[in-house]
Amino acid sequence: MKEIPKSKRYALGWYNEGITRLNIKDYEEAMEFFHKALETIPDHPDFLIGLGDVFFATGRFKEAYEKYIQTLHLEPDNFQAWLKTGIALLRLKKTEEALEVFDALVEQNAYDGELWLAHGLALLDLGQKEKARVSFINARRYKPNQPALWYELARMEKDDIGALQLLQRGYHMDVTNLDILIELTIRLLALGRVEESLQYCERAREVAPESPRVHKLMQQCLDAMK
């Protein structure tokens, strides 16, 4: 972290509180603490990334991208800022630009599991499934505790039983991951395990009560119960 003047060390407390709030998904409070920190030190890279992460978590991807780019103007070699910039580009549907970022980062650090997951997602979006699989295998090697990784590996698995095993690994890491809950529901339905599928679908509804996709799956589960 960039050094903070002694007279402004209190801003670090706001930053740390922002990180805590972000981790527990209290996004409104997190944003408030990061803003306080930035009011004290407007050009601190870590504070800017923190605010960008709140924007990203709340679906404001363009604003997140802008904060990461602002960070890179201050620290052009900031690996995390580059990685987050690429991920934001993915969410903004600028996949080819994102892949350029990830390819450059792989040249710098081929041992970062988060990078390999993002790299695989970009390749998958571009229809390069086999190359994406290699990236996901690298992500599994260097950082296996990423729920999104197990979801993507499961989606590439043709066998429902094998897919369920992969999904369960991701589910145990994050029981609120909507993608995993939906995929578990779909795979269990395909196997005729209707009661189990309904349980996961109900959990998905708790996580995203307004989701049309979840409502549709719930109806499929109920119809299968008849």
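With respect to Gly59, is the statement that it is surrounded by 15 or more Cβ atoms within 10 Å (Cβ to Cβ), under 27 Å from Glu17 (Cα atoms) and not hydrophobic (A, V, I, L, M, F, W, C) true? Outline the logic, then answer.
Working: surrounded by 15 or more Cβ atoms within 10 Å (Cβ to Cβ): no; under 27 Å from Glu17 (Cα atoms): yes; not hydrophobic (A, V, I, L, M, F, W, C): yes.
No.
Quick check on segment 187-206. Is at least one of its residues in a loop (DSSP other than H, G, I, E, B), under 30 Å from Ala110 (Cβ atoms) and in contact (Cβ under 8 Å) with a residue 12 or more places away in the chain?
No, segment 187-206 contains no residue that is in a loop (DSSP other than H, G, I, E, B), under 30 Å from Ala110 (Cβ atoms) and in contact (Cβ under 8 Å) with a residue 12 or more places away in the chain.
Can you find even one residue in segment 83-90 that is among the polar types (S, T, N, Q) and part of a helix (DSSP H, G or I)?
yes
If I ask for residues that are surrounded by fewer than 19 Cβ atoms within 10 Å (Cβ to Cβ) and part of a helix (DSSP H, G or I), which ones from segment 96-110 would you list?
Matches in segment 96-110: Glu96, Glu97, Glu100, Asp103, Ala104, Val106, Glu107, Gln108.
Considering only segment 111-133, state which residues are assigned to a loop (DSSP other than H, G, I, E, B) and in contact (Cβ under 8 Å) with a residue 24 or more places away in the chain. Can you show your working first?
Pass one, segment 111-133, residues assigned to a loop (DSSP other than H, G, I, E, B): 111-112, 126-128.
Matches in segment 111-133: Tyr111, Asp112, Leu126.
Look at Leu38 and say whether it is over 19 Å from the mean Cα position of the chain (by Cα), assigned to a helix (DSSP H, G or I), modelled with pLDDT of 95 or more and not acidic (Asp, Glu).
no
Go through segment 174-194 and count every residue that is of a type in the set (A, V, I, L, M, F, W, C) and closer than 15 Å to Gly162 by Cα.
7
Considering only segment 137-174, how many residues are touching an Asp or Glu at 6+ places or on another chain (Cβ under 8 Å), in a helix (DSSP H, G or I) and either surrounded by fewer than 21 Cβ atoms within 10 Å (Cβ to Cβ) or among the aliphatic types (A, V, I, L, M) (or both)?
Adding up the residues that qualify gives 9.
The values are calculated or read from the model by the stated rules, or taken from the named source; none is laboratory data. From a predicted model like this one, the values you see are computed outputs, not experimental measurements. Cβ coordinates were reconstructed from backbone atoms using ideal geometry, including for glycine residues, and neighbour counts include every protein chain displayed.
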